[in-house]
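Here is the structure we will look at, set down as structure tokens.
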Amino acid sequence: MHKILKIVALVLSLAGIGILVNIIAKGDEAIKAAALDGDTSIVDPMAIVAYIILGLVLAFVVFFVLKNLFTGGKSLKNTLVGVGAFLLVLVIAYAVSGGDVKEYFYNGIVATEGESKMVGAGLVAFYILILAAAGAMLFSGIKKLIK
């Protein structure tokens, strides 16, 4: 597996270097002129390579996170407690946020009362999580000072 990953990394690196050399050879003015005409074919291959790398990294992160979660019993319990606490914050935020009857427009589209309630819930959840993070940092700092 390690050899395969090295080969994939080498191929993607060489592809990226080749595409970069092509971009540099074309020059800024040619790229800008092509972009004004709607032609992005000069830089598209670099974006494709970047998307491939991003997809591979995300796949490996998800794989190893799930693998480590299910191989350790205590880590699974701690993760489920954290996810449960986060879901509790979301439920509380949704319960305390109210839908606004005022009509909001976004690009000519009217936001409904339900959408307004979801946005409010997101903001309330954000505020709750910021307060929890600040409280945790304060508690940790005070605990260190006491020791």
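The values are calculated or read from the model by the stated rules, or taken from the named source; none is laboratory data. This is a predicted model, so every value here is computed, not measured. Positions of Cβ are generated from backbone atoms using ideal geometry, with glycine treated the same way; all protein chains shown enter the neighbour counts. Accessible surface areas use protein heavy atoms only, side chains included; no ligands, DNA or RNA. Shrake-Rupley method; radii C 1.70, N 1.55, O 1.52, S 1.80 Å.
A few comments on the model shown:
- Of the residues making up region 93-117, those that are aliphatic (A, V, I, L, M), open to solvent by 50 Å² or more (accessible area, probe 1.4 Å) and modelled with pLDDT of 85 or more are 95, 96.
- Check on residue 13, under 30 Å from residue 121 (Cβ atoms) and either in contact with a Cys (Cβ under 9 Å, 6 or more places away or on another chain) or in a helix (DSSP H, G or I) (or both): no
- Annotation: residue 90 fulfils all but one of (1) touching a residue at least 12 places away in the same chain (Cβ under 8 Å); (2) open to solvent by 90 Å² or more (accessible area, probe 1.4 Å); the unmet one is (2).
- Beta carbons closer than 6 Å, at least 6 apart along the sequence or on distinct chains, never pair a first residue in region 3-16 that is touching a residue at least 60 places away in the same chain (Cβ under 8 Å) with a second that is in a helix (DSSP H, G or I).
- Each residue in region 34-67 was checked for being more than 21 Å from the chain's Cα centre (by Cα) and in a helix (DSSP H, G or I), and 5 pass.
- Filter result for residue 120 (at pLDDT below 85 and surrounded by 14 or more Cβ atoms within 10 Å (Cβ to Cβ)): no
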